[in-house]
Structure formats: C-alpha cells, structure tokens
Amino acid sequence: MLTGIAFAIALALVVFVAYPLLSTVTEGRGTLPIDVTPLADLKRRRLVLYENIQDLEFEYKAKKIARDDYESLRESYTAEAVRLLAAAQAIERTSPEDAFIEQEVALRRAQRRTPPKDEYVCPQCGFENPLPVKFCGDCGARLRSRGQGAGNRP
Ligand SMILES: [Zn+2]
C-alpha cells in the first residue's frame, strides 16, 4: 500500500520533470513539430494567410501598394484560405484513417479550376462548350441530352 503510493508519487515526479523537456522538443521555435497532422498543417497555413491579408491591408492603407495589386492579392489570399478551410473541414468530417486521403482529394478538387468537360464536347466538331448545353455553341449540333429525349430549342 505504502510502496504503491510512493511509486505513484515517484512516477508523478518523473512526468512532472520530464514534461517540459518533452514539450520544448515538439514546440521548438523555428523548427516544425515532427508530429504535424494534415489538419494542423492546414490550420497553420491558413493562419499564415490571415497574417498575410492583415499585412496587405496595412500596406494598402499606408498607400504602399496600388489598389489593383491590393485587390488581386487579397482575392487570391482569400481564395487560398477558403480552399484550406474546406480541406480542413473535409478532414474533420471523416475518420482519421481516411483523413489524409480526403485532404488530398479536397485539395485536388479545389485546385481544379474547370469542371470535367467530357460531357460538353461536341461530337460533331469537337468544340469544348464551357457549360452543360443542349446544343453546341460552335456548330449548333445537338449534344448528348440528359434525362429528357426531346426538348425545346432555347
Ligand atoms: Zn459542334
């Protein structure tokens, strides 16, 4: 009984002494923690972006950059932050086993600017219509219809 208590106290002491050493190893300044999860990495990158946006706004208010540059930079920063946030949310919705795969999928999906065009390619002339349309924007040929067979010409 008494030795059990003594052992528990000794163990607690060891943990108490060792804990700061362990935590300084993982939170060392300048170096990345070894156990960075995809989620933590996404959050870190997002926070960096927010800082960039703040800096950008400061520079714009100080009239150090032109309005056009400010707006385009801000837009791209914001788009990137949204992309990272969406990827993080995709990870949080899934189990840890699938998290990494889901992150990769979400990132690639977000990176892809244009939707797959296979359905929009005209069989007659090969023109790639930018939107799902019933008739080819180039030659006017009827494209593969979805669901309905015969529709009214728009
Ligand atoms: Zn066509």
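The values are calculated or read from the model by the stated rules, or taken from the named source; none is laboratory data. This is a predicted model, so every value here is computed, not measured. So basically every Cβ, Gly included, is an ideal-geometry build from the backbone, and we count neighbours across all protein chains shown.
Things worth noting here:
- Residue in the stretch 24-43 that is at pLDDT 70 or above, aliphatic (A, V, I, L, M), more than 23 Å from Arg108 (Cβ to Cβ) and out of contact with any helix residue (DSSP H, G or I) (no Cβ under 6 Å at 6 or more places or on another chain) present: no
- Selection count where residues are hydrophobic (A, V, I, L, M, F, W, C) and either under 16 Å from Phe100 (Cα atoms) or not assigned by TED's automatic domain parsing to the domain that holds Ile101 (or both), scope the stretch 35-65: 4
- All of (1) at pLDDT 75 or above; (2) more than 9 Å from the ligand (Cβ to nearest atom) hold for Gly151 with one exception: (1).
- Residue that is modelled with the lowest pLDDT [pool: residues in the stretch 104-120 that are within 14 Å of the ligand (Cβ to nearest atom) and exposed (fewer than 15 other Cβ atoms within 10 Å of the Cβ)]: Lys117
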